[in-house]
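Notes to accompany the following structure.
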Amino acid sequence: MSSLATNLINVFGVLFAVLTVAAVLVYGERRLLALVQDRYGPNRAGPFGLLQIIADVIKMFTKEDWIPPFADRFVFILAPAVIMITVLLSFTVVPFAPGVEVVSLNIGLLFFLAMSSMGVYSVVLAGWASNSKYSLLGGLRAAAQMLSYEVFMGLSLMGVVILAGSFNLREIVEAQKGMWFVLPQFIGFVVFMIAGLAETHRIPFDLPEADSELIAGYHSEYSAMKFGMFMVGEYIGVTLISVLIVALFFGGWIGPVLPPLVWFVLKTSFFILLIILIRGSLPRPRYDQLMSYGWKLLLPLSLLNLVVTGGIVLALG
Amino acid sequence: MIVVFYIASGVAILSTFLVILQSNAVHALLYAILSLLSVAIVFFSLGAPLVAALEVIVYAGAIMVLFVFVVMVLNLGPGAEGQERVWLQPRTWTGPVILTLVLIGELIYIFLARPGLALGGPAIGPQEVSLALYGPYLLGVELASILLLAGLVGAYHLGREPSD
């Protein structure tokens, strides 16, 4: 009975925490970007503009939820749900601290990769169902970009799997007691970070929604909470990538003095902030640059990393 | 787990039927994805989590995305849907239905002749699968990779720009 209770607490705790972080990011990202660009950002609603979150939520819920008559109704409604479901499901395999995780799956890392490859459908189907040329172009770009970057997203993580000898995220974190995997797997970390940014299609990889070329890309036709789902899905995606970087490369909850959960939250916050700062500082590449960068640089790099790591592990033991 | 198995396989069969019956290409693909996902759950319930994960990553997550991609590029309008409906006449069904009935008959015969086929069994983790693949079945893996390499070279040849 008590194990059921802890399970329920874990499930709802994780859901609550993740959605709260996503809500705070709606405000926090704008404030931080404003700081980088030497302006104020939202600072009118409440102290430091903190009530901006509530104002945004009210706005999202009360706007007209319009489904274009030319759209494919069923798929149009399905698409925003897919991204929320897949991203939130990915959090089930993440160990936040000893005992704080929803499920300890022996294929945990593969489960995350599977969910992120299902997340592609959200963007692609949204682009197709909207039945507008900008959305379609955005969807096409998203399909090619996410499919390509998924390949070496998986490959870059295999070095970690070799070192830890497991796909289970808990065991991967526990294998980092002596040394964080960022040191032996620095290339893996860099490639995973870049691929993660591309998977969540944020600047500099936001070509599927490039506002200056495609209006808003795949979600041009979306309004109200359906658009909100895409936006929140993106923030949860950023949180997910940060959480995984921490668990896979930066020792998860491991750290001195402070309690494990605090360490995890601190490390995760650092990477969330880093991703926001990257958005504030990098321009968007051209589409062919994006593709050749991925296939000609990152793929060989992650393959090389995998081969060298495997070779060293074999030679040492 | 047995309940999970039967529900998932039921969903798989139903969604595969719907793939054929849909006249809209993208809706058909959605059902195909659903079918692959339920097959993954079937694998999982049979104690093969690695195969289940690979089923989702490779088939549902990569190959089907390419199908959706191609359908998007073709940009089929409502006209194509009408065309599909014309093709799905009842008399086109007779041949496939007869052949399928033969297969179902065989399946029923097998089940009756060999009752008590075991469902479930121990779960096989990623390590065991890898050891089997790169141990006794190494030749098979290598042959498959040669086949894939040949396919890759062929695709590269077809996609190459004409040199004139």
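Key figures
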| item | result |
| --- | --- |
| Residues satisfying the stated conditions in the range A:121-136, i.e. in contact with a Phe, Trp or Tyr (Cβ under 6 Å, 6 or more places away or on another chain) and assigned to a helix (DSSP H, G or I) | A:Val123, A:Ala126, A:Gly127, A:Ala129, A:Ser135 |
| Selection from the range A:113-134 of residues that are more than 10 Å from chain B (Cβ to nearest Cβ) and either crowded, with 22+ Cβ neighbours inside 10 Å or over 22 Å from A:Met291 (Cα atoms) (or both) | A:Ser122, A:Val123, A:Ala126, A:Ser130, A:Ser132 |
| Filter pass, A:Ser220 being without any contact (Cβ under 8 Å) to a residue 40 or more places away in the chain and either over 12 Å from the mean Cα position of the chain (by Cα) or over 16 Å from A:Met115 (Cα atoms) (or both) | no |
| Residues of the range B:1-52 that turn out to be under 24 Å from B:Pro126 (Cβ atoms), crowded, with 17+ Cβ neighbours inside 10 Å and hydroxyl-bearing (Ser, Thr, Tyr), as a count | 2 |
| Pairs with Cβ under 7 Å, 6+ apart, first in the range A:95-117 and among the charged types (D, E, K, R), second in a helix (DSSP H, G or I) | A:Glu101/A:Asn10; A:Glu101/A:Arg170 |
| Total residues in the range A:145-165, condition closer than 17 Å to A:Val246 by Cα, surrounded by fewer than 24 Cβ atoms within 10 Å (Cβ to Cβ) and within 14 Å of chain B (Cβ to nearest Cβ) | 4 |
| Subset of the range A:248-291 [more than 22 Å from A:Val93 (Cα to Cα) and outside any helix (DSSP H, G or I)] | A:Pro256, A:Val257, A:Leu258, A:Leu282, A:Pro283, A:Arg284, A:Pro285, A:Arg286 |
| Tally of residues being away from every other protein chain (no Cβ under 12 Å) and free of Cβ contacts under 8 Å to residues at least 24 places away in the same chain across the range B:37-81 | 1 |
| Residue satisfying all of: in the range A:191-219; surrounded by fewer than 22 Cβ atoms within 10 Å (Cβ to Cβ) and small (Gly, Ala, Ser); farthest from A:Leu157 (Cα to Cα) among these | A:Ser212 |
| Tally, over the range A:7-54, of residues that are more than 25 Å from A:Thr200 (Cα to Cα) and hydrophobic (A, V, I, L, M, F, W, C) | 6 |
| Matching entry among A:Gly139, A:Gly188, A:Gly178 (being outside any loop (DSSP other than H, G, I, E, B), away from every other protein chain (no Cβ under 11 Å) and more than 16 Å from the chain's Cα centre (by Cα)) | A:Gly188 |
| Any pair with Cβ under 9 angstrom, 6 or more apart, that starts in the range A:16-43 at a residue that is over 19 Å from A:Leu240 (Cα atoms) and modelled with pLDDT of 85 or more and ends at one that is buried (at least 16 other Cβ atoms within 10 Å of the Cβ) and β-branched (Val, Ile, Thr) | A:Leu32/A:Ile276; A:Leu33/A:Ile276; A:Val36/A:Ile276 |
| Residue list for the range B:1-49, restricted to those being among the small types (Gly, Ala, Ser), over 23 Å from A:Trp128 (Cα atoms) and not in a helix (DSSP H, G or I) | B:Gly47, B:Ala48 |
| Identity of the residue in the range A:279-317, charged (D, E, K, R) and exposed (fewer than 14 other Cβ atoms within 10 Å of the Cβ), that ends up farthest from A:Ala143 (Cα to Cα) | A:Lys296 |
| Residues that are in a helix (DSSP H, G or I) and either under 15 Å from the mean Cα position of the chain (by Cα) or of a type in the set (A, V, I, L, M, F, W, C) (or both), drawn from the range A:98-120 | A:Leu109, A:Leu110, A:Phe111, A:Phe112, A:Leu113, A:Ala114, A:Met115, A:Ser116, A:Ser117, A:Met118, A:Gly119, A:Val120 |
| Residue list for the range A:31-85, restricted to those being surrounded by fewer than 17 Cβ atoms within 10 Å (Cβ to Cβ) and basic (Lys, Arg) | A:Arg39, A:Arg44, A:Lys59, A:Lys63, A:Arg73 |
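The values are calculated or read from the model by the stated rules, or taken from the named source; none is laboratory data. Owing to the predicted nature of the structure, the values given are computational and were not obtained by experimental measurement. We place every Cβ from the backbone using ideal geometry, glycine too, and count neighbours over all the protein chains shown.
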